[in-house]
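What follows is a short report on a single structure.
The values are calculated or read from the model by the stated rules, or taken from the named source; none is laboratory data. Predicted, not measured: the structure shown is a model, and the values here were computed from it. Cβ sites come from the backbone with ideal geometry, for glycine too, and all protein chains shown count toward neighbours. In case anyone asks, the SASA skips ligands and DNA or RNA and just uses the protein heavy atoms, side chains included. Shrake-Rupley method; radii C 1.70, N 1.55, O 1.52, S 1.80 Å.
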There are 2 protein chains.
Amino acid sequence: MAKSFEFLFDYGSPFSYLANIQTPGFARRAGAAVIYRPILLGAVLKATGNSSPMAVPAKARYMADDLRRWAARYGVEFRMNPYPFLGNTLPLMRGAVAAQRVGAFGAYHDAIFRAVWADGLDLGDRGVLGDALRRAGIDAATLVAAAELPEVKDELRRNTENAIARGVFGAPSFLVGDELYWGNDRFDFIAEALARSV
Amino acid sequence: MAKSFEFLFDYGSPFSYLANIQTPGFARRAGAAVIYRPILLGAVLKATGNSSPMAVPAKARYMADDLRRWAARYGVEFRMNPYPFLGNTLPLMRGAVAAQRVGAFGAYHDAIFRAVWADGLDLGDRGVLGDALRRAGIDAATLVAAAELPEVKDELRRNTENAIARGVFGAPSFLVGDELYWGNDRFDFIAEALARSV
């Protein structure tokens with residue numbers, strides 16, 4: 001069996017954005033396939049009793065610096081996103097599951113992460129979201145409709161419940177078998193785990 | 001002026017233990033002096049509204065794995081310490097300030113970190129603490145008495161208040177000028193900051 005690892009993410013998580021940028025190149029170098037798992041971070045935090053680092057003001061200030069430092073290290077655009085849609089990423093995460101089902105995941109995934117954390121757009125505005133999807137060559141009406149299908153909702157719920165059952169408490173999370181890695185800064189450990197998983 | 005950075009720590013923080021092991025070698029390579037600042041992490045958490053990662057069960061389980069991975073990476077002994085004295089590190093941190101004043105800091109610092117996180121000892125037991133100090137060549141009675149001096153208590157309080165005023169919310173923390181770095185895994189960023197600080 002080919003090597004693989006799971007990447008669990010929420011579009012509302014800026015460290016997931018940074019991890020996502022590194023993931024394809026890392027996977028290529030490690031000779032491993034990436035399994036992308038959309039999860040609902042808000043539900044994970046609630047179920048585990050965890051809270052966003054942004055809830056502690058001093059930590060939020062530090063996180064802004066840390067994000068800026070990582071973006072500079074990676075040489076990528078980054079800006080904090082001020083819009084309230086980040087408090088409920090359910091529609092965007094259902095959209096990710098829908099995009100996986102209609103074969104548009106790559107374009108959707110990159111377009112949403114970029115719109116939120118590089119362009120700082122308000123994706124709570126249907127017009128802004130529709131424009132971002134169209135620019136990515138995605139039929140916005142079809143995707144938004146697919147995101148409302150019961151099987152799509154169920155799959156996101158299952159992804160999230162499975163993640164919690166496997167020890168996930170935040171995002172981004174990576175799983176190599178049952179081994180959990182949290183954050184954009186654990187690729188070295190993930191590489192070691194993949195090297196062990198022959 | 002020679003380059004320097006501040007290392008803020010609490011003996012109750014296992015990531016401070018791991019950071020401490022790396023700090024002297026890092027400082028040597030960076031050509032920078034280390035200013036060791038004992039702080040009372042409990043007071044920092046309380047003042048900032050932050051909480052220990054150990055307060056969230058799923059996060060505590062992950063942290064145990066993460067600590068084990070870092071200890072293996074660094075090639076050092078590590079074990080979780082189960083004793084309740086970790087809930088109040090005030091005597092140990094006052095001891096650090098006292099040790100700085102009597103010129104015994106290096107021996108005290110290494111002995112306490114090792115006793116807590118490599119040997120897993122109960123330093124809430126006066127006999128165990130006394131033995132650990134004696135093994136490190138420290139006059140336990142003198143140090144314990146010095147730790148009760150008003151100026152020692154004041155200095156620890158000032159260290160902690162200054163840390164909070166400068167944005168510290170956890171441990172270990174590093175300061176290069178006003179730039180804050182949190183955790184045992186930010187030495188690369190600290191090196192870059194030191195390289196900028198001519």
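Things to note:
- Histogrammed with a bin width of 10 Å, the alpha carbon distances of the range B:8-120 distribute as 13, 43, 36, 8, 0 percent, first bin at zero.
- Accessible surface, chain A, averaged per residue in Å² (probe 1.4 Å): 45 Å²
- Note on the protein assembly as shown: Kirkwood hydrodynamic radius from all Cα pairs is 22.9 Å, rounded to one decimal.
- Selected from B:136, B:47, B:111 as most flexible by GNM, with chain B as the system and alpha-carbon contacts under 10 Å: B:47
- Annotation for the range B:87-196: GluC sites (Glu not before Pro) lying in DSSP loop with at most 15 further Cβ atoms inside 10 Å of their Cβ are B:148.
- Kirkwood Rh and Cα Rg combined as Rg/Rh, the range B:4-196: 0.94
- Cβ-placed point charges (K, R +1; D, E -1), dipole of chain A about Cα centre in debye, nearest 20: 240 debye
- When the accessible areas of B alone and A alone are added and the area of the pair subtracted, with a 1.4 Å probe, the result is around 2300 Å², both sides summed.
- Complex-versus-alone comparison for the range B:39-58, residues with a loss of 40 Å² or more in accessible area, probe 1.4 Å: B:56, B:58
- Listed pairs A:153/B:46; A:3/B:59; B:46/B:153; A:46/A:153 exceeding 28 Å between Cα atoms: A:153/B:46
- Here the accessible area is traced with a 1.4 Å probe on the protein chains. For the range B:4-196, carbon and sulfur cover 53 percent of it.
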